[in-house]
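Take a look at the structure below.
The values are calculated or read from the model by the stated rules, or taken from the named source; none is laboratory data. These numbers were taken from a predicted model, which means no experiment stands behind them. Cβ atoms come from the backbone with ideal geometry, glycine included; neighbour counts cover every protein chain shown.
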Amino acid sequence: MAAMAEPLSVVCGAAGDLGRAVVAELVARGDRVIAVNRTADPLGALVERHGDSVEPEVADLTDPDVVQALWERIAARGRPPSSVVNTVGGYRGGTVADTSPEDYRFLMELNLTSTWLSCRRAAEAMREGGGSIVNVSARTALEGGAGSAAYAVAKAAVIRLTQILAAEAKGDGVRVNAILPAVIDTEANRASFPEQVMRKAVPAEAIARVVAFLCSDAAWPITGAAIPVPGRF
């Protein structure tokens, strides 16, 4: 009997702190991972660490044509992914009054548009065989987000996108969920937040384990969920 191919997963934003942790967790459970990043250089470290288990792909996930071309390359591999994780995102603070149009567009494109474009292609690719999509929102999306207006609005839209796509795709066996971190223990956050805040931050590896569970068959009943992962915040 021929050996069964390992599961295929796609991690978007694979070179970020959370993306790297998700890649490591999925590889550890036996997946082959397509690691997608906007630039090529950081992907080399993932390949060096994980070897043939990681296939690098460079794509600007805010560009519809680039995303379409990416998914055509993924389709050329001959089998759809069973999991897609969208970790692309970024933060800039600001109230409604003082957020510039440029910052507004930047945050919407990075946090919402990238997730929207990846989700629609992933759901289409999984239509025949089912699978799991995990998006990254933020706890701020549920709390009003004073002082982080555009970011909170974008992340709130990610939750609604997740719920809508879960309803649209459940007949195809595609599950769609979102996680809602507060502060993740990353190098950038350690440079930005005081020590007393970072003592409560959640390691990226811990959040990656939640993501891997949502991607697993054990999570088959869960779809349309917005799951808080704030740790002690």
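Does segment 93-115 contain at least one residue that is polar (S, T, N, Q) and in a strand (DSSP E or B)? Can you show your working first?
Residues of segment 93-115 that are polar (S, T, N, Q), as a first pass: 95, 99-100, 111, 113-115.
Cutting the leftovers down to in a strand (DSSP E or B) gives us none.
There is no residue in segment 93-115 that is polar (S, T, N, Q) and in a strand (DSSP E or B).
So, in segment 59-92, how many residues would count as being in a loop (DSSP other than H, G, I, E, B) and of a type in the set (G, A, S)? Lay out the reasoning, then the answer.
Step one: list which residues in segment 59-92 are in a loop (DSSP other than H, G, I, E, B), which gives 59-63, 76-82, 87-92.
Filter once more, keeping what is of a type in the set (G, A, S): 59, 76, 78, 82, 89-90.
Number satisfying all stated conditions: 6.
Of all residues in segment 21-53 being basic (K, R) and outside any helix (DSSP H, G or I), which is nearest to S9 (Cα to Cα)?
Our first condition is that a residue be basic (K, R); within segment 21-53, this holds for 29, 32, 38, 49.
Now narrow it down to the ones that are outside any helix (DSSP H, G or I): 29, 32, 38.
Numbers: R29: 11, R32: 6, R38: 18 Å.
Checking each candidate, the answer is R32.
Do you know which residues across segment 49-70 are in contact with a strand residue (DSSP E or B) (Cβ under 9 Å, 6 or more places away or on another chain) and of a type outside the set (A, V, I, L, M)?
H50, D52, S53, E55, P56, E57
Out of curiosity, is D103 farther than 16 Å from V11 by Cα and either modelled with pLDDT under 95 or surrounded by fewer than 20 Cβ atoms within 10 Å (Cβ to Cβ) (or both)? Outline the logic, then answer.
Values: farther than 16 Å from V11 by Cα: yes; either modelled with pLDDT under 95 or surrounded by fewer than 20 Cβ atoms within 10 Å (Cβ to Cβ) (or both): yes.
So D103 passes the test.
Restricting attention to segment 172-202, and to residues there that are among the charged types (D, E, K, R) and part of a helix (DSSP H, G or I), which single residue is farthest from L142 (Cα to Cα)?
Residues of segment 172-202 among the charged types (D, E, K, R): 172, 175, 185, 187, 190, 195, 199-200.
Checking the rest, the ones that are also part of a helix (DSSP H, G or I) come to 172, 187, 190, 195.
Details: D172: 29, E187: 25, R190: 24, E195: 25 Å.
Ranking the candidates gives D172 first.
Does segment 40-54 include one or more residues that are within 20 Å of I184 (Cβ to Cβ) and crowded, with 18+ Cβ neighbours inside 10 Å?
yes
Can you name the residue in segment 136-152 that is in contact with a helix residue (DSSP H, G or I) (Cβ under 8 Å, 6 or more places away or on another chain) and assigned to a helix (DSSP H, G or I) and is also farthest from V210 (Cα to Cα) among such residues? Break it down stepwise before answering.
Residues of segment 136-152 in contact with a helix residue (DSSP H, G or I) (Cβ under 8 Å, 6 or more places away or on another chain): 136-138, 140-145, 148, 150-152.
Subsequent filtering for residues that are assigned to a helix (DSSP H, G or I) retains 140-142, 150-152.
Values: T140: 19, A141: 19, L142: 20, A150: 26, Y151: 23, A152: 22 Å.
The residue in question is A150.
Looking only at segment 1-20, how many residues end up being of a type outside the set (D, E) and part of a loop (DSSP other than H, G, I, E, B)? Explain how you work it out, then say what you get.
Step one: filter segment 1-20 for residues of a type outside the set (D, E), giving 1-5, 7-16, 18-20.
Retained after the next criterion (residues that are part of a loop (DSSP other than H, G, I, E, B)): 1-5, 7, 13-16.
So the answer is 10.
With the checklist (1) loosely packed, with under 13 Cβ neighbours inside 10 Å; (2) farther than 24 Å from A146 by Cα; (3) among the hydroxyl-bearing types (S, T, Y) in hand, flag the one item S9 doesn't pass.
Single failed check for S9: (1).
Every residue in segment 55-83 that is among the β-branched types (V, I, T) and out of contact with any Pro (no Cβ under 8 Å at 6 or more places or on another chain), please.
Of the residues in segment 55-83, the ones among the β-branched types (V, I, T) are 58, 62, 66-67, 74.
Answer for segment 55-83, where residues must be among the β-branched types (V, I, T) and out of contact with any Pro (no Cβ under 8 Å at 6 or more places or on another chain): V58, T62, V66, V67.
Here's a check for you: in segment 194-233, which residue that is without any contact (Cβ under 8 Å) to a residue 12 or more places away in the chain and exposed (fewer than 15 other Cβ atoms within 10 Å of the Cβ) is farthest from D17 (Cα to Cα)? Full working, then the answer.
Let us first name the residues in segment 194-233 that are without any contact (Cβ under 8 Å) to a residue 12 or more places away in the chain, namely 194-196, 199, 213, 217-218, 221.
In the following step, the residues that additionally are exposed (fewer than 15 other Cβ atoms within 10 Å of the Cβ) were identified as 194-196, 199, 217-218, 221.
On the way: P194: 19, E195: 19, Q196: 21, R199: 17, D217: 25, A218: 25, P221: 28 Å.
Of everything passing the filter in segment 194-233, P221 is farthest from D17 (Cα to Cα).
Using the structure shown, decide if G90 is surrounded by fewer than 18 Cβ atoms within 10 Å (Cβ to Cβ) and more than 20 Å from F193 (Cβ to Cβ). Steps first, please.
Values: surrounded by fewer than 18 Cβ atoms within 10 Å (Cβ to Cβ): yes; more than 20 Å from F193 (Cβ to Cβ): no.
No.
Any chance segment 157-171 includes a residue that's acidic (D, E), touching a Lys or Arg at 6+ places or on another chain (Cβ under 9 Å), part of a helix (DSSP H, G or I) and farther than 25 Å from A15 by Cα?
no
Starting from segment 13-30, take each residue that is farther than 24 Å from D60 by Cβ and list its partners that are outside any helix (DSSP H, G or I), counting only C-beta distances under 7 angstrom and pairs at least six apart or across chains.
Pairs found: V27/V33; V27/V54; G30/E6; G30/P7.
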